[in-house]
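Here the structure is laid out as structure tokens; the discussion comes afterwards.
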Amino acid sequence: MNETAAYYKNKIAVVTGGASGIGLALTETMLSYGAEKVVLGDYNDESLIRETARLNAGFPGKVLGCHCDVTQESAVRHLMQSAVEFGGGRIDFLFNNAGAAFAGSFDELTNENWEKAFALNFYGALYGIRAVLPVMRSQGSGHIINTISGIAFFPMAYQSMYSATKAALNGLSLALRYELWDENIRLTSATPGTTITGIWEAGGVEPPPGAQSAEQSAHTILAGSAKNERLVLGDEGDLSGAKQCFNPDEAKGIDDILLNIARKRRSGEGVF
Ligand SMILES: NC(=O)c1ccc[n+]([C@@H]2O[C@H](COP(=O)([O-])OP(=O)(O)OC[C@H]3O[C@@H](n4cnc5c(N)ncnc54)[C@H](O)[C@@H]3O)[C@@H](O)[C@H]2O)c1
């Protein structure tokens, strides 16, 4: 067994947004590594029921599907309680993966739009962290993996909400990583890389050429997290975005690229 698989073997995990895309691939991959139990939290009951049944057919008794809207703190607390009961008292991993790629022209966005974006992409994860910490503290270990996006390092026009929510989540993850380090609770920020999932269809666009599968993304996230990486970068694009984002020597080039994207989107090309 390799180092990555060993990290998840016999462990209990909770995955929010686990009924599709990257969350589902994280779940299936951990099960293939010998994870003891995985709890899927999702608000899409149709996918949740279907995928929980399918996974339990392959891994009998190992998967619990729990209806959970992560924007509701009480629902997230309930998800963790259900996971504790299902997992025999433990939660080793929490993947705060539920999220959406909110888009739109800043001028047209209302405060309500902003609140909804933060409720899902930021507060959903914050509630997850709050709810799981007592469990991880009592067992003396745990690992929380927050799914951000390459957009946190490459903030594109007409995706101000997506950029801001994922950058905020990254800040929370990385600050907390050091606050909790000495309690043996690990925090990782992970970008999935450009990945073929329903998120593109929901945004009304095709995944760009070269986009990877959800399985590839899950492998990268699980391997990086197993090494306790601070930041897992899901593909080459995210790696170069992260390297260049805060590098003053690259500022002019990055401005040119981002301005070009903004102008193209304004003219209706490749609008998210
Ligand atoms: N696919 C990509 O290219 C890409 C790139 C960067 C980051 N991401 C991030 O990866 C994560 C997973 O996205 P995905 O690409 O697998 O998309 P997806 O749409 O396939 O999966 C998102 C899941 O989250 C669930 N969800 C949405 N709102 C919820 C809520 N309020 N409560 C509970 N569950 C909710 C959905 O039902 C769905 O199952 C997201 O955080 C997304 O921002 C994806």
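The values are calculated or read from the model by the stated rules, or taken from the named source; none is laboratory data. What you see is a predicted model; the values in this text were computed from it and never measured. Because the Cβ atoms are built from the backbone with ideal geometry, glycine has one as well, and the counts that use them run over all protein chains shown.
For region 37-50, the count of residues that are in contact (Cβ under 8 Å) with a residue 40 or more places away in the chain and among the basic types (Lys, Arg) is nonzero. Scanning region 151-207 for residues that are assigned to a helix (DSSP H, G or I), among the polar types (S, T, N, Q) and under 19 Å from residue 26 (Cβ atoms) yields a total of 2. Residues satisfying the criterion are present in region 182-202 (criterion: surrounded by fewer than 16 Cβ atoms within 10 Å (Cβ to Cβ), within 13 Å of the ligand (Cβ to nearest atom) and in contact (Cβ under 8 Å) with a residue 24 or more places away in the chain). Restricting attention to region 203-229, which residues are loosely packed, with under 14 Cβ neighbours inside 10 Å and at pLDDT 95 or above? Residues satisfying the conditions are 213, 227, 228. Against the list (1) surrounded by 23 or more Cβ atoms within 10 Å (Cβ to Cβ); (2) away from the ligand (no atom under 15 Å from the Cβ); (3) not aliphatic (A, V, I, L, M), the condition residue 108 fails is (1).
Of all residues in region 172-187, those satisfying the criterion of being under 14 Å from the mean Cα position of the chain (by Cα) and either within 9 Å of residue 144 (Cα to Cα) or not hydrophobic (A, V, I, L, M, F, W, C) (or both) are 173, 187. Filtering 15, 70, 76, 39 for residues that are under 12 Å from residue 222 (Cβ atoms), within 13 Å of the ligand (Cβ to nearest atom) and crowded, with 19+ Cβ neighbours inside 10 Å leaves a single hit, 15.
Residue count for region 247-272 satisfying the condition of being free of Cβ contacts under 8 Å to residues at least 60 places away in the same chain and assigned to a loop (DSSP other than H, G, I, E, B): 4.
Here residue 148 clears all of (1) without any contact (Cβ under 8 Å) to a residue 60 or more places away in the chain; (2) of a type in the set (A, V, I, L, M); (3) surrounded by fewer than 23 Cβ atoms within 10 Å (Cβ to Cβ) except the condition numbered (3).
Between 52, 27, the distinction of being out of contact with any Cys (no Cβ under 8 Å at 6 or more places or on another chain), assigned to a helix (DSSP H, G or I), farther than 17 Å from residue 96 by Cβ and β-branched (Val, Ile, Thr) belongs to 52 only. Being assigned to a loop (DSSP other than H, G, I, E, B) and either farther than 18 Å from residue 24 by Cβ or more than 15 Å from the ligand (Cβ to nearest atom) (or both) is a description that applies to residue 210.
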